[in-house]
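Novice: This structure is in structure tokens; I'll ask about it shortly.
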Amino acid sequence: MTTTNTTAKCCCGTSVGVIITDTADRLLMITRGWWPKGTAPVAGHVRDAHTDVAAALVAEVQEEVGLTVTGSGLLWEGHLPNLCASLPHQPVAGHYWHLATATAEGQVVAAPGETKGAAWYTPDQVRTMARTTLAHYRSGGVAADQPDASLEAVWLRLLFEAALLPELSEDDLALAEQAYATAPGQYWLGGRP
């Protein structure tokens, strides 16, 4: 018999992703504290607690890394079938993404619980993390076992759209999509670990 968690929150179906770089061209990323696994730039749902994309961008940067946004601009937007720890959005599972760049000030302070930490990563380190993610899935790895020292799978596509990983092939992007469209089973049945 299959049971479902009727108290689980349903995904709002919208997300904002925020690319923050420093003067050395390093990318600010967090290592996620729960599903989806891996390391990624700041991101969060838009319509779960925010009035619009701009408000979500400012709030998520403050919440996840403790910085104050001083400016932002939209880079890309579109729907991706990535699933999160909330039950899937209806009628179309996934998220409509608003990918933005932002400038921010303050000292980076990672949110405890929500993250396992935050750090600045060089372009070479980001490429290495992308290769680690792809190698994990090419070898038959599953999303639940994805290493922290890899990119969250949906960010392969988002960083490709931002021209930060232009070397990714169509096969790489298809493999990433297969990974980020995988349901996070235990999270939907019982919440966060």
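The values are calculated or read from the model by the stated rules, or taken from the named source; none is laboratory data. Keep in mind that what you see is a predicted model, and the values were worked out from it rather than measured. Cβ placement follows ideal geometry from the backbone for every residue including glycine, while neighbour counts extend to all protein chains displayed. Ligands, DNA and RNA are stripped out before the accessible areas are found, and what is left, the full protein with its side chains, is counted by its heavy atoms. Shrake-Rupley method; radii C 1.70, N 1.55, O 1.52, S 1.80 Å.
Novice: If G17 satisfies all but one of (1) touching a Pro at 6+ places or on another chain (Cβ under 8 Å); (2) part of a loop (DSSP other than H, G, I, E, B); (3) of a type in the set (G, A, S), what's the number of the condition it fails?
Specialist: Single failed check for G17: (2).
Novice: Same structure again: Identify, from the list T39, T68, T51, T23, the residue that is among the hydroxyl-bearing types (S, T, Y) and open to solvent by less than 30 Å² (accessible area, probe 1.4 Å).
Specialist: Answer to the check: T39.
Novice: Take the residues of the range 141-161 that are open to solvent by less than 60 Å² (accessible area, probe 1.4 Å) and over 14 Å from the mean Cα position of the chain (by Cα): which is modelled with the lowest pLDDT?
Specialist: Top of the filtered list is A144.
Residue-by-condition table, conditions (1) open to solvent by 40 Å² or more (accessible area, probe 1.4 Å); (2) not in a loop (DSSP other than H, G, I, E, B):
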position	(1), (2)
V61	no, yes
P91	yes, no
D124	yes, yes
T133	no, yes
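Novice: Taking the range 32-59, which residues are in a strand (DSSP E or B) and either small (G, A, S) or at pLDDT 95 or above (or both)?
Specialist: T39, A40, V42, A43, G44
Novice: Applying the selection to the range 94-122, what residues are assigned to a loop (DSSP other than H, G, I, E, B), open to solvent by less than 40 Å² (accessible area, probe 1.4 Å) and within 22 Å of A176 (Cβ to Cβ)? Spell out how you get there, then give the answer.
Specialist: The initial filter retains those residues of the range 94-122 that are assigned to a loop (DSSP other than H, G, I, E, B), namely 94, 106-111, 113-114, 122.
Pick out the ones that are also open to solvent by less than 40 Å² (accessible area, probe 1.4 Å) and you get 94, 110-111.
G94 - this is the single residue of the range 94-122 that is assigned to a loop (DSSP other than H, G, I, E, B), open to solvent by less than 40 Å² (accessible area, probe 1.4 Å) and within 22 Å of A176 (Cβ to Cβ).
Novice: Separate question: Out of all the residues in the range 135-160, which are out of contact with any Lys or Arg (no Cβ under 9 Å at 6 or more places or on another chain) and part of a helix (DSSP H, G or I)?
Specialist: Matches in the range 135-160: A135, H136, Y137, R138, V154, W155, L156, R157, L158, L159, F160.
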